[in-house]
Structures are given as C-alpha cells and as structure tokens.
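The values are calculated or read from the model by the stated rules, or taken from the named source; none is laboratory data. These figures come from a predicted structure and were not determined experimentally. Here the Cβ positions follow ideal geometry from the backbone for every residue, glycine too, while neighbour counts run over all protein chains shown.
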Amino acid sequence: MILSRDSVTVAVEAVIYFRISNATVSVTNVEDASRSTKLLAQTTLRNILGTKTLAEMLSDREAISIQMQNTLDGATGPWGVRVERVEVKDVRLPVQLQRVMAAEAEATREARAKVIAAEGEKKASESLNEAANMIAESPCAIQLRYLQTLNTISAEKNSTVIFPFPIELIQRLIPHHS
C-alpha cells in the first residue's frame, strides 16, 4: 500500500525488467544484486508515487515508469545491473474508497439532472408567461385559442363535448328575480 500526495492509499503492481550487465562488479559491489534491485525498486516506487496525486497515478503510468527506470538504472549501475524496463501494471483503490467515489459520481449525475430539469421548468414557465402576456394584450387571442381548442376536441372521436362559456354570457340568459 502506498500513500499518494493527496492522502489516498493505493495498491500498485509494477514489474521491473533488469539484467546483470557486469557480473564481476555485480558480485563484488553488492551482496545480492537481484534482491537489492527488487528492494530498491519497491522504495523508489513508494518515493515516486508519494509525490503524485491519485489522478496523476491513474493517468501518467508511462511517465511514472520512465521516471522509475531512470532512477533505478542510475542507482543500480554501480552494482553491475542494467534496468531495461519498468511497467506500472495496476493501480487499485481500496474497496471502500471505490464505493465512496461511485456514490460521489452518482450524486454528481443526479445534481446535473436536477439542474437540467430546473432549467426546463424555467423555460416552460417563461414561455407560459409570454403566452399569457400576449393573450392579455389582445382579447381576440383568447377567442382564437378557444376556437383552436374546440377544433381539436371535435377532431377526436368523443361522444361528449363540453363547451365552456364565459359566465357573463350565461348570466345574461338567466332571468333575474328582484
């Protein structure tokens, strides 16, 4: 487990490819060149990844591999060891952190959906307000809308059609008893 610069604990799997370039130097300068190279690779990986954020670890694996290879090759040269290649195979997050990140992503998606719905509601209310203003400015517009609605209703195959009349017309037809 390695702690990143932004305090996230990750498990990293890396592979180091090396060869003994000078057997004499390898035997005389270090007790166990293979084991020493592996241990150095582990500490170098921790040191390098400790300076990176989680996002950098996930997106810049190639750059991390190159930086590790250069650092290791420089340190193992005096041991008669040549580091050929380093590969960062996998960066794994703890399960609990994966759940937290998934919940955060879901909350972000829900928030975006609510914003989009609210914007739609706002546009609809603005359109209704504009239509109400147009009708208020022109009394003929409400009559035209009334006729359009009657036309739409009559086009359907309904057996009952209700005709709404303004209350003023109905009051004129009803005799008043004083």
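For this structure, a couple of remarks:
- Test for Leu128: is it touching a residue at least 12 places away in the same chain (Cβ under 8 Å) and on the phi < 0 side of the Ramachandran plot: no
- Test: residue in segment 123-130 that is at pLDDT 90 or above, of a type in the set (D, E, K, R) and under 30 Å from the mean Cα position of the chain (by Cα): yes
- Scanning segment 142-158 for residues that are over 24 Å from Ala131 (Cα atoms) and of a type in the set (Lys, Arg) turns up just one, Lys157.
- Pair list, Cβ under 7 Å, 6 or more apart: segment 78-102 residue on the phi > 0 side of the Ramachandran plot, other residue assigned to a helix (DSSP H, G or I) and aliphatic (A, V, I, L, M): Gly80/Ala23; Gly80/Val25; Gly80/Ala33
- With respect to the conditions (1) in the same structural domain as Val25 (by TED's automatic domain parsing); (2) of a type in the set (Val, Ile, Thr); (3) out of contact with any strand residue (DSSP E or B) (no Cβ under 8 Å at 6 or more places or on another chain), Thr76 falls short on a single one, namely (3).
- Cβ pairs under 6 Å, 6+ apart, first in segment 54-73 and in contact (Cβ under 8 Å) with a residue 12 or more places away in the chain, second in a loop (DSSP other than H, G, I, E, B): Leu54/Ser4; Leu54/Asp6; Leu54/Val8
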